[in-house]
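The values are calculated or read from the model by the stated rules, or taken from the named source; none is laboratory data. Quantities reported herein were computed from a predicted structural model and do not represent experimental measurements. Cβ: placed from backbone, ideal geometry, glycine included. Neighbour counts: every protein chain shown. Please note that ligands, DNA and RNA were not included when accessible areas were found on the heavy atoms of the full protein model with its side chains. Shrake-Rupley method; radii C 1.70, N 1.55, O 1.52, S 1.80 Å.
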Amino acid sequence: MFSFLKKALATIYTRVTSKLRNLFGQNTVDEATLKELETILIGADTGIHTSRTIIENLKKELLSGTLTKGSDLEKALGDQLKGLLQKSPFNPEAEIYLLVGINGSGKTTFAGKLALWLSNRGKKVLLVAADTFRAAATEQLSSWAKTVKVPIVTGKEDQDPASVIFQGCDQFKAGSFEALIIDTAGRLQTKTNLMKELEKIRKILNKQLGERKILTLLTIDAMLGQNSFDQAKIFHESTHVDGIVLTKMDGTGKGGIVFSITHELKIPIAFISFGESPHHMDLFNADDYIKELLG
Ligand SMILES: Nc1nc2c(ncn2[C@@H]2O[C@H](COP(=O)(O)OP(=O)(O)OP(=O)(O)O)[C@@H](O)[C@H]2O)c(=O)[nH]1
Ligand SMILES: [Mg+2]
């Protein structure tokens, strides 16, 4: 995970980590230092509410005298961030992985990467191209299926996604597969239609494979900053989300979005992903992430 994370967080280093290192190098820490830290956190997409919570807690330590120098601040901030993430742990074990998210957020790309990740862990995987809204979507996932050598169930353009999922469920059971990955459409005529569609898909899955564990993963483009937070909120309010997949991590330049999503929406970060290489994704590991972020 470490070298992968280094690459994923490369742009964050110059924009966030180097500023934090400056603060950690100070001989004394006072209210002005915490004010500066708050500005860095907000600038790094941590969100105003989450940043304030962190700063309030650090202020208490400052007043109690346990926070006096830069190195204390590094330790105290690390503990605060860890605390935020530990409240929402993620368990990747499941049989059905349903990928949802707005168009362009990286669902199809991640479906391919996840198929490889699970195959490498010895799972017999089946992909389902349930985005029948665009013909290119099925081609895109079929190409991934070929690359990662995993079988795929596809439908025709404009075929009801529900019927493709039915087919997928049947093949899953008949072929004694161990993991089913379902790619869905991100764009329908309206947001209400999209949410209705997802609801319908969930119902079918519950009916066909209800006894198996189903994980709904929401892909979020990390480059969108606060907008990614808003998207996560909308999806979470309409459909149950078990975990977030943060995509395009290398392009963000920030990294605080992880903390505001877990703290304010209570959704765990499941995976992080960047680039087009099938190997550029991994399970989110809170300790490694914080270590890398704080430098
Ligand atoms: N740099 C980078 N590009 C990515 C990543 N994930 C996806 N992309 C690119 O972003 C674009 C959209 O990705 P898709 O996987 O097609 O997104 P989607 O959510 O399936 O989009 P729709 O099918 O339109 O709903 C493509 O050009 C991908 O190659 C990533 O982690 N890093
Ligand atoms: Mg897609």
Residue-normalised value, i.e. accessible area per residue, for region 1-95 at 1.4 Å probe, in Å², stands at 53
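For the chain, what is the calculated [θ] at 222 nm in deg cm²/dmol (nearest 500), taking -39500 (n - 2.57) for each run of four or more DSSP H residues and dividing by its residue count?
-16500 deg cm²/dmol
Would you calculate the volume per residue, in Å³, of the smallest convex hull containing every Cα atom of region 183-230?
Each residue corresponds to 96 Å³ of Cα convex hull volume.
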For the pair Lys266 and Ser143, the simple spin-label estimate (label points 7 Å beyond Cα toward Cβ) gives in nm 4.1
Expressed in nanometres to one decimal, the distance between label points 7 Å along Cα→Cβ at His240 and Glu56 is 3.1
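Within region 74-108, list the GluC sites (Glu not before Pro) lying in a DSSP loop whose Cβ has at most 11 other Cβ atoms in a 10 Å radius.
Within region 74-108, the qualifying GluC sites (Glu not before Pro) (loop, at most 11 other Cβ atoms within 10 Å) are Glu93.
Counting only C-alpha contacts under 8 Å and six or more residues apart, can you give the relative contact order of the chain as a whole percent?
Relative contact order comes out at 28 percent.
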If one compares the long axis through the Cα atoms of helix 135-148 with the longest principal axis of the Cα atoms of the chain, the angle in degrees, nearest 10, works out at 80
Residue by residue through region 115-123, the couplings from Karplus 6.51 cos²θ - 1.76 cosθ + 1.60 with θ = phi - 60°, in Hz, x for Gly and Pro, are 4, 5, 4, 6, 4, 5, 9, x, 8
Result for region 158-273: accessible area per residue, probe 1.4 angstrom, in square angstrom, of 39
For Lys200, placing the label point 7 angstrom along Cα-to-beta-carbon and taking region 146-190, residues whose amide nitrogen sits under 17 Å are 155-169, 183-190
So the FRET efficiency between Lys82 and His49, C-beta based with R0 = 25 Å and rounded to 0.05, is 0.85
So Arg121 and Leu294, fully extended at 0.36 nm per residue minus their Cα-Cα distance, gain in nm 59.2 nm
Quick shape summary for region 1-160, equivalent ellipsoid via Cα gyration tensor, semi-axes whole Å in descending order, reads 45, 16, 15
Restricting to Cα pairs under 8 Å and 6 or more apart, the percent relative contact order of region 58-168 works out to 19
Taking max minus min of the Cα coordinates of region 123-192 on each principal axis, largest first, gives extents in Å of 36, 24, 19
Rounded to the nearest 0.05, FRET efficiency between Thr190 and Ala32 (Cβ-Cβ, R0 45 Å) equals 0.40
Once Ala162 and Asp72 are pulled to full extension, the length gained, defined as 0.36 nm per residue separation minus their Cα-Cα distance, is 26.9 nm
One checks the Cα atoms of region 42-83 and finds Rg and Dmax, in Å, of 10.4, 29
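From the C-alpha gyration tensor of region 48-121, pull out the three semi-axes of the equivalent ellipsoid (sqrt of 5λ each), sorted largest to smallest, in whole Å. Write down the numbers at each step before the final one.
On the way: eigenvalues 307, 44, 24 Å².
Whole-Å semi-axes of the equivalent ellipsoid: 39, 15, 11.
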On the accessible surface of the chain, probed at 1.4 Å with all protein chains in place, carbon and sulfur together account for a percent value of 51
Shape descriptors of the chain over alpha-carbon atoms, Rg and Dmax in angstrom, are 20.6, 66
Length-normalised contact order of region 1-140, Cα under 8 Å, at least 6 apart, in percent, tallies to 17
Partner aspartates and glutamates whose C-alpha sits under 18 Å from that of Lys113, ignoring same-chain residues fewer than 8 away, are Glu93, Glu95, Asp131, Glu139, Glu178, Asp183, Asp221, Asp250, Glu276, Asp282
Across the alpha-carbon set of region 1-80, Rg over Rh with Rh taken as the Kirkwood radius works out to 0.99
